[in-house]
Every structure is written in structure tokens, then in C-alpha cells.
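Here is the structure we will look at.
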Amino acid sequence: MDTLGIVFTVILVVALLLVGLYFLGNKLQKKQAESQTMIQQNRQTISAMVIDKKKMKLTESNLPKQAIEGVPFYLKIRKMPMVKVKVGPQFMTMLCDPKVYEVLPVKRVLKLEISGAYILGFSTAKKGEKYVAPPRKLTLREKLQNKLNKVQNDTEPTKKKQHPDGKQAVEAAKKAARDQQRMYTGGAKRSKKNR
């Protein structure tokens, strides 16, 4: 085979892969849109006490076997955000939206927005009470940047600090000194003729 034939087959294989990924992406997007509409239709609000939350595999949770069997195999291996909730006298384990999981408070009575066994959102049970989200954790990069800024700020006091305006501050100081000198000499400067 010559090099032109090899290049052509590689381009053909890549083009086929891209076309296949395009159609697969469209199919998955349609499925997601259908599931979102179904979730929105079945949305309801309940009052519940959040007992605990943690990330675990579906096989380790005490979800019903039917629910676990309906999940694709790649999600069974993956750790999912789970919340243990007390609804009335019954204890339940529910799946949770990852964005909601981060800010969901524990050991509090909340009004949960659910669809089946999936938590979509929450609000506090008491009127007028606003939930203040805990401060988010800093990433490694942000922590290192803060340390670097702290070290740089600690080394700056040894240098002479200049006014942020620079030249304007120096000119203002000179003008103040001249005004003060005029006040002591009796007003205006004496000219050379009067001396």
C-alpha cells in the first residue's frame, strides 16, 4: 500500500467515527430531554428531615433491587450522592442532584423537591428563614495563590511603601511645605528687590 492509500483510510475511519458519535450524541440528548420532562411532571414537595448524606455506589445503598437493575452498568460502579431522609415515620435513601448535594444541610427539617427517589432541590421549612450556604472549599491552586500573596505581603514592609498616587502625593507634600513656609514668613515670598 502506498502512503496515499494509508492516509485516505485513516481519514475515512476518523470521519466514520465522527458521524457515529454525532448520531449517538443526538440519541442521548433526546433521551435526556425525555427524562427531564418526566422528572418535571412528577415533581412534588415533601417535608422531611435530612439525617445523613454521603457518596456511595448504588450496590452499597439500600435502594430497591428494581431501581438498581434499571440503572446502566457504568452508573452501578460509580459513586453517587445519596441522602438518608426521614419522611414521616419512614426512613429512605434517596439519590440527589450533585449541585443540591453540595449545599444540602444535614440534621434539619427541610421541604424537599423530589421526583420519585431523586432530590431536585430544597428550601427551609420555616418561613422567613434563609439558608446560608457554607463557604466553598478552596481548590489547591487557590490555596497556593493565597500562600504566595501572604508571603509577598510579609516581605513588603521592609521596602519603603509609596503612596499609590506616586508623583501626585510628592507634589502635594511639597505644596503643603511651601504653604507652611509662607505662613511663617508672613505671607508671600520676598522678592530680591526688597532684600
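Computed values, structure above
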read-out: Residue match in segment 107-127 (condition: in a loop (DSSP other than H, G, I, E, B) and modelled with pLDDT of 85 or more); value: yes
read-out: Qualifying residue in segment 158-172 (condition: at pLDDT 75 or above, surrounded by fewer than 10 Cβ atoms within 10 Å (Cβ to Cβ) and out of contact with any Asp or Glu (no Cβ under 7 Å at 6 or more places or on another chain)); value: no
read-out: Helices (runs of 4 or more DSSP H) contained entirely in segment 1-96, each with at least 2 residues that are of a type in the set (Val, Ile, Thr) and modelled with pLDDT of 90 or more; value: 3-41
read-out: Pairs where the first residue, in segment 60-84, is under 21 Å from residue 114 (Cβ atoms) and the second is surrounded by 13 or more Cβ atoms within 10 Å (Cβ to Cβ) and among the small types (Gly, Ala, Ser), C-beta under 6 Å, 6+ apart; value: 82/61
read-out: Check on residue 131, at pLDDT below 90 and in contact with a Ser or Thr (Cβ under 6 Å, 6 or more places away or on another chain); value: yes
read-out: Qualifying residue in segment 12-33 (condition: under 25 Å from the mean Cα position of the chain (by Cα), surrounded by 15 or more Cβ atoms within 10 Å (Cβ to Cβ) and of a type in the set (A, V, I, L, M)); value: no
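The values are calculated or read from the model by the stated rules, or taken from the named source; none is laboratory data. These numbers come from a predicted model, not from an experiment. Using ideal geometry, Cβ is built from the backbone for each residue, glycine included, and neighbour counts are taken over all protein chains shown.
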